[in-house]
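In what follows, a structure is listed as C-alpha coordinates, so that the remarks can point back to it.
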Amino acid sequence: MPRYFEFEIALRTIKPRIWRRFLLAENATFEHLHDAIQVAFGWLDYHLFAFYASRQTEQPLAGVQGEWDEEDTPDAGRVHLRDYFGGPQGASKCLYVYDFGDDWQHEVKLRKVVEHDDVFHRRLLAGKRAGPPEDAGGSWGYARVAAFVETGHDPEGDAESLALWLGDWKPDLFDLHAACQDFDAETAVDLPPGADPHVFEVADLITRTMEDHGWSAESIAEANAMWGDFVRAADPDPRKPAVYAAALVYCFTRSPPPAQTQAEVAAAFGVSAASIAQTWRQIHDAVAPREDRRAAPVGPTRSRAELDALLYAASPLSAGSVAEASALASAVQQLLEQATLLELAGDKATADLLRGLLLKLIAAEDGML
(Lines give C-alpha, C1' and ligand atoms only; values in the text may rest on other atoms or scores of the structure.)
Protein backbone atom coordinates (compact mmCIF):
# COMPACT_ATOMS: atom_id res chain seq x y z
CA MET A 1 0.00 0.00 0.00
CA PRO A 2 1.43 3.44 -0.93
CA ARG A 3 2.89 5.51 1.90
CA TYR A 4 2.75 9.28 2.31
CA PHE A 5 4.32 11.93 4.51
CA GLU A 6 1.74 14.11 6.25
CA PHE A 7 3.26 17.57 6.63
CA GLU A 8 2.04 20.69 8.38
CA ILE A 9 3.67 23.92 7.21
CA ALA A 10 3.31 27.25 9.00
CA LEU A 11 4.77 30.70 8.37
CA ARG A 12 6.91 31.93 11.26
CA THR A 13 6.53 35.34 12.96
CA ILE A 14 3.03 35.96 11.60
CA LYS A 15 -0.11 36.10 13.73
CA PRO A 16 -2.79 34.86 13.29
CA ARG A 17 -1.11 31.68 12.12
CA ILE A 18 -1.01 30.88 8.38
CA TRP A 19 -0.68 27.14 7.82
CA ARG A 20 -1.32 24.23 5.45
CA ARG A 21 -1.49 20.48 5.97
CA PHE A 22 -0.99 18.03 3.09
CA LEU A 23 0.10 14.53 2.06
CA LEU A 24 3.13 14.01 -0.18
CA ALA A 25 4.33 10.72 -1.66
CA GLU A 26 7.10 9.03 0.33
CA ASN A 27 9.35 8.84 -2.75
CA ALA A 28 9.23 12.63 -3.24
CA THR A 29 12.27 14.90 -3.16
CA PHE A 30 12.84 18.23 -1.42
CA GLU A 31 12.11 19.88 -4.77
CA HIS A 32 8.66 18.25 -4.72
CA LEU A 33 8.19 19.59 -1.18
CA HIS A 34 9.24 23.05 -2.39
CA ASP A 35 6.70 22.84 -5.23
CA ALA A 36 3.96 21.74 -2.80
CA ILE A 37 4.63 24.63 -0.42
CA GLN A 38 4.68 27.11 -3.30
CA VAL A 39 1.25 26.03 -4.54
CA ALA A 40 -0.25 25.60 -1.05
CA PHE A 41 0.64 29.14 0.05
CA GLY A 42 0.07 30.82 -3.30
CA TRP A 43 3.70 31.78 -3.88
CA LEU A 44 4.78 32.39 -7.49
CA ASP A 45 8.21 30.69 -7.37
CA TYR A 46 10.02 33.90 -8.38
CA HIS A 47 12.89 33.58 -5.90
CA LEU A 48 15.52 31.22 -4.53
CA PHE A 49 14.82 28.83 -1.67
CA ALA A 50 16.57 26.47 0.72
CA PHE A 51 15.76 23.91 3.40
CA TYR A 52 17.62 23.88 6.73
CA ALA A 53 17.59 21.44 9.64
CA SER A 54 16.89 24.39 11.98
CA ARG A 55 17.17 28.17 12.27
CA GLN A 56 20.62 27.73 13.82
CA THR A 57 21.98 25.66 10.89
CA GLU A 58 24.03 27.42 8.20
CA GLN A 59 24.50 24.48 5.81
CA PRO A 60 21.30 23.85 3.80
CA LEU A 61 19.76 20.40 3.57
CA ALA A 62 18.73 21.14 -0.02
CA GLY A 63 18.06 24.04 -2.32
CA VAL A 64 19.04 25.64 -5.61
CA GLN A 65 22.57 25.21 -6.94
CA GLY A 66 24.35 27.94 -8.89
CA GLU A 67 27.45 30.07 -9.23
CA TRP A 68 26.27 32.20 -6.30
CA ASP A 69 26.18 29.15 -4.03
CA GLU A 70 29.05 29.44 -1.56
CA GLU A 71 27.72 26.71 0.71
CA ASP A 72 27.68 23.90 -1.88
CA THR A 73 23.94 23.43 -1.47
CA PRO A 74 22.69 19.91 -2.30
CA ASP A 75 20.34 19.91 -5.30
CA ALA A 76 16.76 19.73 -3.96
CA GLY A 77 15.81 17.55 -6.93
CA ARG A 78 18.34 14.90 -5.89
CA VAL A 79 17.70 14.77 -2.13
CA HIS A 80 14.84 12.46 -1.18
CA LEU A 81 12.59 13.28 1.75
CA ARG A 82 12.84 9.72 3.05
CA ASP A 83 16.61 10.17 3.50
CA TYR A 84 15.93 12.93 6.04
CA PHE A 85 12.48 12.20 7.45
CA GLY A 86 12.30 8.43 6.93
CA GLY A 87 13.01 5.61 9.35
CA PRO A 88 12.83 5.35 13.16
CA GLN A 89 15.68 7.84 13.58
CA GLY A 90 14.40 10.23 10.93
CA ALA A 91 13.90 13.92 11.64
CA SER A 92 10.46 15.39 12.26
CA LYS A 93 11.11 19.07 11.46
CA CYS A 94 13.00 21.41 9.17
CA LEU A 95 12.90 25.03 8.02
CA TYR A 96 11.99 26.16 4.49
CA VAL A 97 13.17 29.66 3.54
CA TYR A 98 11.77 31.31 0.41
CA ASP A 99 12.92 34.64 -1.05
CA PHE A 100 16.14 35.49 0.79
CA GLY A 101 15.23 39.20 0.58
CA ASP A 102 11.78 39.01 2.20
CA ASP A 103 13.01 35.99 4.20
CA TRP A 104 9.77 34.03 4.39
CA GLN A 105 10.49 31.29 6.94
CA HIS A 106 8.21 28.26 6.99
CA GLU A 107 8.28 25.69 9.79
CA VAL A 108 7.96 22.23 8.25
CA LYS A 109 6.65 19.56 10.62
CA LEU A 110 6.23 15.89 9.76
CA ARG A 111 3.06 14.86 11.60
CA LYS A 112 3.12 11.19 10.62
CA VAL A 113 3.63 8.68 7.83
CA VAL A 114 0.36 7.22 6.56
CA GLU A 115 -0.73 4.48 4.18
CA HIS A 116 -3.46 5.15 1.65
CA ASP A 117 -5.49 2.96 -0.69
CA ASP A 118 -5.25 5.56 -3.47
CA VAL A 119 -2.13 6.27 -5.52
CA PHE A 120 -1.34 9.97 -5.93
CA HIS A 121 1.51 12.47 -5.66
CA ARG A 122 0.11 15.02 -3.21
CA ARG A 123 -3.18 16.05 -1.57
CA LEU A 124 -4.13 19.12 0.43
CA LEU A 125 -5.94 18.33 3.68
CA ALA A 126 -6.48 21.59 5.56
CA GLY A 127 -5.29 25.15 6.10
CA LYS A 128 -6.10 28.59 7.48
CA ARG A 129 -5.79 32.12 6.11
CA ALA A 130 -4.38 33.37 2.82
CA GLY A 131 -0.69 33.27 2.06
CA PRO A 132 1.05 36.66 1.83
CA PRO A 133 1.21 38.43 -1.56
CA GLU A 134 4.45 37.80 -3.47
CA ASP A 135 7.10 40.49 -2.74
CA ALA A 136 5.08 41.92 0.14
CA GLY A 137 8.27 42.77 2.05
CA GLY A 138 8.49 40.04 4.68
CA SER A 139 6.67 39.97 8.01
CA TRP A 140 6.63 43.78 8.33
CA GLY A 141 5.25 44.19 4.82
CA TYR A 142 2.59 41.57 5.51
CA ALA A 143 1.45 43.41 8.63
CA ARG A 144 1.16 46.58 6.56
CA VAL A 145 -1.00 45.10 3.78
CA ALA A 146 -3.15 43.10 6.23
CA ALA A 147 -3.87 46.25 8.24
CA PHE A 148 -4.67 48.17 5.04
CA VAL A 149 -7.24 45.58 3.92
CA GLU A 150 -8.90 45.79 7.34
CA THR A 151 -8.84 49.59 7.78
CA GLY A 152 -8.45 51.07 4.29
CA HIS A 153 -5.68 53.26 5.68
CA ASP A 154 -1.97 53.11 4.81
CA PRO A 155 0.42 54.93 7.18
CA GLU A 156 2.79 55.49 4.24
CA GLY A 157 0.09 57.30 2.27
CA ASP A 158 0.03 54.89 -0.66
CA ALA A 159 -3.51 53.53 -0.30
CA GLU A 160 -4.43 53.81 -3.99
CA SER A 161 -1.39 51.85 -5.20
CA LEU A 162 -1.86 49.22 -2.48
CA ALA A 163 -5.51 48.71 -3.41
CA LEU A 164 -4.63 48.26 -7.08
CA TRP A 165 -1.78 45.83 -6.28
CA LEU A 166 -3.69 43.70 -3.77
CA GLY A 167 -6.84 43.34 -5.86
CA ASP A 168 -9.29 41.06 -4.02
CA TRP A 169 -6.65 39.57 -1.68
CA LYS A 170 -7.88 39.24 1.89
CA PRO A 171 -5.71 37.90 4.73
CA ASP A 172 -8.44 35.76 6.30
CA LEU A 173 -9.69 34.19 3.05
CA PHE A 174 -8.82 30.54 2.43
CA ASP A 175 -11.07 28.37 0.24
CA LEU A 176 -10.01 24.76 0.83
CA HIS A 177 -12.03 23.38 -2.09
CA ALA A 178 -10.55 25.86 -4.57
CA ALA A 179 -7.07 25.33 -3.13
CA CYS A 180 -7.39 21.56 -3.59
CA GLN A 181 -8.19 22.09 -7.27
CA ASP A 182 -4.82 23.77 -7.70
CA PHE A 183 -2.84 21.61 -5.30
CA ASP A 184 -3.95 17.98 -5.63
CA ALA A 185 -1.95 15.99 -8.19
CA GLU A 186 -2.08 12.34 -9.19
CA THR A 187 1.50 12.45 -10.43
CA ALA A 188 4.55 14.68 -10.11
CA VAL A 189 4.30 15.60 -13.80
CA ASP A 190 1.73 17.46 -15.84
CA LEU A 191 -0.55 15.05 -17.72
CA PRO A 192 -3.91 15.66 -19.37
CA PRO A 193 -6.84 15.95 -16.92
CA GLY A 194 -8.97 12.84 -16.79
CA ALA A 195 -6.17 10.60 -18.12
CA ASP A 196 -6.62 6.87 -17.54
CA PRO A 197 -4.94 5.32 -14.47
CA HIS A 198 -2.37 3.45 -16.57
CA VAL A 199 -1.08 6.80 -17.85
CA PHE A 200 -0.21 7.83 -14.30
CA GLU A 201 1.24 4.36 -13.64
CA VAL A 202 3.79 4.91 -16.41
CA ALA A 203 4.68 8.36 -15.08
CA ASP A 204 5.16 6.91 -11.60
CA LEU A 205 7.33 4.06 -12.94
CA ILE A 206 9.49 6.53 -14.85
CA THR A 207 9.90 8.83 -11.86
CA ARG A 208 10.62 6.13 -9.27
CA THR A 209 13.09 4.25 -11.46
CA MET A 210 15.06 7.33 -12.52
CA GLU A 211 15.09 8.69 -8.96
CA ASP A 212 16.30 5.36 -7.58
CA HIS A 213 19.16 5.36 -10.10
CA GLY A 214 20.26 8.92 -9.38
CA TRP A 215 18.99 10.73 -12.46
CA SER A 216 18.77 14.51 -12.37
CA ALA A 217 15.44 16.25 -11.88
CA GLU A 218 15.87 17.69 -15.39
CA SER A 219 16.14 14.23 -16.99
CA ILE A 220 13.15 12.95 -15.02
CA ALA A 221 11.11 15.97 -16.03
CA GLU A 222 12.14 15.58 -19.68
CA ALA A 223 11.23 11.88 -19.73
CA ASN A 224 7.84 12.58 -18.18
CA ALA A 225 7.24 15.55 -20.48
CA MET A 226 7.87 13.28 -23.47
CA TRP A 227 5.41 10.77 -22.03
CA GLY A 228 2.84 13.54 -21.58
CA ASP A 229 3.34 14.65 -25.18
CA PHE A 230 2.81 11.08 -26.38
CA VAL A 231 -0.38 10.69 -24.32
CA ARG A 232 -1.74 13.82 -25.97
CA ALA A 233 -0.72 12.66 -29.46
CA ALA A 234 -1.67 8.99 -29.33
CA ASP A 235 -3.69 6.38 -27.46
CA PRO A 236 -1.35 4.31 -25.23
CA ASP A 237 -2.07 0.63 -24.79
CA PRO A 238 -3.17 0.17 -21.14
CA ARG A 239 -1.63 -3.32 -21.09
CA LYS A 240 1.94 -2.06 -21.54
CA PRO A 241 2.86 0.42 -18.78
CA ALA A 242 6.20 -1.24 -18.05
CA VAL A 243 7.16 -1.27 -21.76
CA TYR A 244 6.39 2.44 -22.17
CA ALA A 245 8.29 3.32 -19.00
CA ALA A 246 11.30 1.19 -20.00
CA ALA A 247 11.47 2.74 -23.46
CA LEU A 248 11.49 6.27 -22.05
CA VAL A 249 13.97 5.48 -19.29
CA TYR A 250 16.36 3.78 -21.72
CA CYS A 251 16.28 6.87 -23.93
CA PHE A 252 18.13 8.73 -21.17
CA THR A 253 20.63 6.01 -20.21
CA ARG A 254 23.01 7.21 -22.90
CA SER A 255 23.90 10.18 -20.68
CA PRO A 256 25.39 9.05 -17.34
CA PRO A 257 24.71 8.61 -14.52
CA PRO A 258 24.29 5.72 -14.73
CA ALA A 259 24.99 4.21 -18.15
CA GLN A 260 22.75 1.17 -18.41
CA THR A 261 22.53 -1.25 -21.28
CA GLN A 262 19.26 -1.92 -22.98
CA ALA A 263 19.34 -5.44 -21.57
CA GLU A 264 19.68 -4.08 -18.02
CA VAL A 265 16.75 -1.74 -18.48
CA ALA A 266 14.70 -4.54 -20.05
CA ALA A 267 15.48 -6.84 -17.12
CA ALA A 268 14.61 -4.15 -14.57
CA PHE A 269 11.15 -3.69 -16.09
CA GLY A 270 10.58 -7.34 -17.04
CA VAL A 271 10.26 -6.63 -20.78
CA SER A 272 12.22 -7.57 -23.89
CA ALA A 273 14.89 -5.45 -25.57
CA ALA A 274 12.98 -5.58 -28.85
CA SER A 275 9.81 -4.26 -27.19
CA ILE A 276 11.80 -1.30 -25.85
CA ALA A 277 13.06 -0.46 -29.34
CA GLN A 278 9.65 -0.85 -30.96
CA THR A 279 7.86 1.19 -28.30
CA TRP A 280 10.47 3.93 -28.35
CA ARG A 281 9.99 4.27 -32.12
CA GLN A 282 6.21 4.45 -31.61
CA ILE A 283 6.60 7.24 -29.03
CA HIS A 284 9.22 9.09 -31.01
CA ASP A 285 7.29 9.01 -34.28
CA ALA A 286 4.25 10.46 -32.48
CA VAL A 287 5.92 13.37 -30.69
CA ALA A 288 9.15 14.38 -32.43
CA PRO A 289 9.54 16.33 -35.69
CA ARG A 290 11.01 14.08 -38.35
CA GLU A 291 14.04 16.30 -38.85
CA ASP A 292 14.86 16.43 -35.13
CA ARG A 293 14.50 12.89 -33.86
CA ARG A 294 16.86 11.15 -31.52
CA ALA A 295 18.26 7.88 -32.78
CA ALA A 296 16.07 4.99 -31.66
CA PRO A 297 17.57 2.96 -28.80
CA VAL A 298 18.18 -0.09 -30.95
CA GLY A 299 20.66 -1.66 -28.54
CA PRO A 300 23.49 -4.03 -29.32
CA THR A 301 23.21 -6.36 -32.31
CA ARG A 302 24.99 -9.72 -32.47
CA SER A 303 28.17 -10.50 -34.38
CA ARG A 304 28.08 -12.88 -37.36
CA ALA A 305 29.58 -15.66 -35.22
CA GLU A 306 26.93 -15.14 -32.53
CA LEU A 307 24.16 -15.21 -35.13
CA ASP A 308 25.56 -18.43 -36.65
CA ALA A 309 25.56 -20.02 -33.18
CA LEU A 310 21.97 -18.91 -32.59
CA LEU A 311 20.90 -20.24 -35.98
CA TYR A 312 22.39 -23.64 -35.14
CA ALA A 313 20.69 -23.59 -31.73
CA ALA A 314 17.40 -22.79 -33.51
CA SER A 315 17.84 -25.75 -35.86
CA PRO A 316 15.54 -28.76 -35.21
CA LEU A 317 18.70 -30.94 -35.41
CA SER A 318 19.79 -29.49 -32.07
CA ALA A 319 16.58 -30.37 -30.22
CA GLY A 320 17.25 -33.88 -29.09
CA SER A 321 15.88 -33.43 -25.56
CA VAL A 322 13.40 -31.33 -23.61
CA ALA A 323 16.22 -29.08 -22.40
CA GLU A 324 17.54 -28.68 -25.93
CA ALA A 325 14.03 -27.95 -27.21
CA SER A 326 13.73 -25.17 -24.63
CA ALA A 327 17.07 -23.78 -25.79
CA LEU A 328 15.80 -23.95 -29.38
CA ALA A 329 12.73 -21.85 -28.51
CA SER A 330 14.93 -19.32 -26.70
CA ALA A 331 17.27 -19.07 -29.71
CA VAL A 332 14.34 -18.48 -32.07
CA GLN A 333 13.06 -15.69 -29.80
CA GLN A 334 16.50 -14.06 -29.66
CA LEU A 335 16.85 -14.23 -33.42
CA LEU A 336 13.47 -12.58 -33.93
CA GLU A 337 14.47 -9.80 -31.54
CA GLN A 338 17.75 -9.36 -33.41
CA ALA A 339 15.88 -9.06 -36.70
CA THR A 340 13.72 -6.32 -35.19
CA LEU A 341 16.75 -4.48 -33.82
CA LEU A 342 18.57 -4.70 -37.15
CA GLU A 343 15.56 -3.29 -38.98
CA LEU A 344 15.23 -0.40 -36.51
CA ALA A 345 18.95 0.27 -36.96
CA GLY A 346 18.35 0.64 -40.69
CA ASP A 347 19.73 -2.73 -41.86
CA LYS A 348 16.50 -4.09 -43.31
CA ALA A 349 18.31 -6.40 -45.79
CA THR A 350 20.05 -8.34 -43.01
CA ALA A 351 16.85 -8.39 -40.95
CA ASP A 352 14.91 -9.89 -43.88
CA LEU A 353 17.68 -12.43 -44.50
CA LEU A 354 17.59 -13.48 -40.86
CA ARG A 355 13.83 -13.89 -40.89
CA GLY A 356 14.06 -15.89 -44.12
CA LEU A 357 16.55 -18.32 -42.57
CA LEU A 358 14.28 -18.73 -39.56
CA LEU A 359 11.32 -19.54 -41.82
CA LYS A 360 13.38 -22.22 -43.56
CA LEU A 361 14.38 -23.74 -40.23
CA ILE A 362 10.78 -23.80 -39.02
CA ALA A 363 9.67 -25.35 -42.33
CA ALA A 364 12.37 -28.02 -42.04
CA GLU A 365 11.19 -28.88 -38.54
CA ASP A 366 7.67 -29.37 -39.88
CA GLY A 367 8.96 -31.70 -42.64
CA MET A 368 8.15 -29.23 -45.39
CA LEU A 369 11.68 -29.24 -46.86
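Computed quantities for the displayed model
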{"item": "Pairs with Cβ under 6 Å, 6+ apart, first in segment 215-239 and among the polar types (S, T, N, Q), second assigned to a helix (DSSP H, G or I)", "result": "Asn224/Ala203; Asn224/Ile206"}
{"item": "Test: Val79 is under 24 Å from Trp140 (Cβ atoms), assigned by TED's automatic domain parsing to the domain that holds Ser139, buried (at least 19 other Cβ atoms within 10 Å of the Cβ) and of a type in the set (A, V, I, L, M)", "result": "no"}
{"item": "Pair list, Cβ under 7 Å, 6 or more apart: segment 134-145 residue closer than 17 Å to Gln38 by Cβ, other residue aromatic (Phe, Trp, Tyr) and part of a loop (DSSP other than H, G, I, E, B)", "result": "Glu134/Trp43; Glu134/Tyr46"}
{"item": "Residues being under 28 Å from Pro60 (Cβ atoms) and surrounded by fewer than 13 Cβ atoms within 10 Å (Cβ to Cβ) - total across segment 127-158", "result": "1"}
{"item": "Residue pairs meeting the criteria (Cβ under 6 Å; at least 6 apart or on separate chains; first closer than 13 Å to Thr57 by Cβ, in segment 83-101; second among the hydroxyl-bearing types (Ser, Thr, Tyr))", "result": "Ala91/Tyr84; Leu95/Tyr52"}
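The values are calculated or read from the model by the stated rules, or taken from the named source; none is laboratory data. This structure is a prediction, so every number in the text was calculated from the model and none was measured. Every residue, glycine among them, receives a Cβ derived from its backbone with ideal geometry; neighbour counts consider all protein chains shown.
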